[in-house]
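Have a look at the structure below, then the notes.
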Amino acid sequence: MLQRIQTIYFIIVMAILSSLLFGMELFTMSDGKLNYTQSVFGVERQDVKGGYIEWLSNYQFTYIFVILFVLFTFVAMMSYKNLKRQYTLAKMGLFIYLVFVLAVILVTTFGMNGYSSQEITGVHVGIGFYVLVCGLPFTYFAMKGVQKDKVLLDSLNRLR
């Protein structure tokens, strides 16, 4: 199992998604007086000068989604004995991951002004967003690795 390259890619995807659970910031929005920091745990409001910090909203569905997607990737990695199922799970994982990245972008882009009564003057991308986007190619490479194994075994079955 570990000698296959897609297993390494699946492990990298699980590590990348698990790193988001350490509270990396995805975006920081500012309205001049307050900063709004978004992570997978929710949005927190902080004074620009570094004063008080308070939680505005909890995104428990995002936190739970990341945990479930890590488990889904683990199931896809461990179903190496049935390549057809592994290929289907890898394709579904790539689609779900892409939708998740697009949802994070859309929620941040269109939901920016929901936090502040003033106009948001700046949006800064955090390290967590870059980490999130870096996992997308590894998901694709894992799917392509499973597809290559499937094609190889199908060609061997034809020779029998």
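Residues in segment 80-102 that are crowded, with 16+ Cβ neighbours inside 10 Å, modelled with pLDDT of 90 or more and either more than 17 Å from the chain's Cα centre (by Cα) or farther than 17 Å from Tyr140 by Cβ (or both): Gln86, Tyr87. Here Ile11 meets the list (1) among the aliphatic types (A, V, I, L, M); (2) over 19 Å from Val66 (Cα atoms); (3) at pLDDT 90 or above almost entirely, failing just condition (2). Here Lys144, Lys150 are screened, and the one residue that is farther than 22 Å from Val43 by Cα, at pLDDT 90 or above and charged (D, E, K, R) is Lys144.
If the Cβ limit is 7 Å and pairs must be 6+ apart or interchain, which residue in segment 95-109 that is closer than 15 Å to Val43 by Cα pairs with which residue that is assigned to a helix (DSSP H, G or I)? The qualifying pairs are Val104/Leu132. Looking at segment 1-43, which of the residues that are assigned to a strand (DSSP E or B) and in contact with a helix residue (DSSP H, G or I) (Cβ under 6 Å, 6 or more places away or on another chain) is nearest to Leu153 (Cα to Cα)? If we take residues in segment 1-43 being assigned to a strand (DSSP E or B) and in contact with a helix residue (DSSP H, G or I) (Cβ under 6 Å, 6 or more places away or on another chain), then Phe27 is nearest to Leu153 (Cα to Cα).
Inside segment 117-149, residues that are more than 26 Å from the chain's Cα centre (by Cα) and surrounded by 14 or more Cβ atoms within 10 Å (Cβ to Cβ) make up a count of 0.
The values are calculated or read from the model by the stated rules, or taken from the named source; none is laboratory data. The model shown is predicted, which means the values in this text are computed figures rather than measured ones. So basically every Cβ, Gly included, is an ideal-geometry build from the backbone, and we count neighbours across all protein chains shown.
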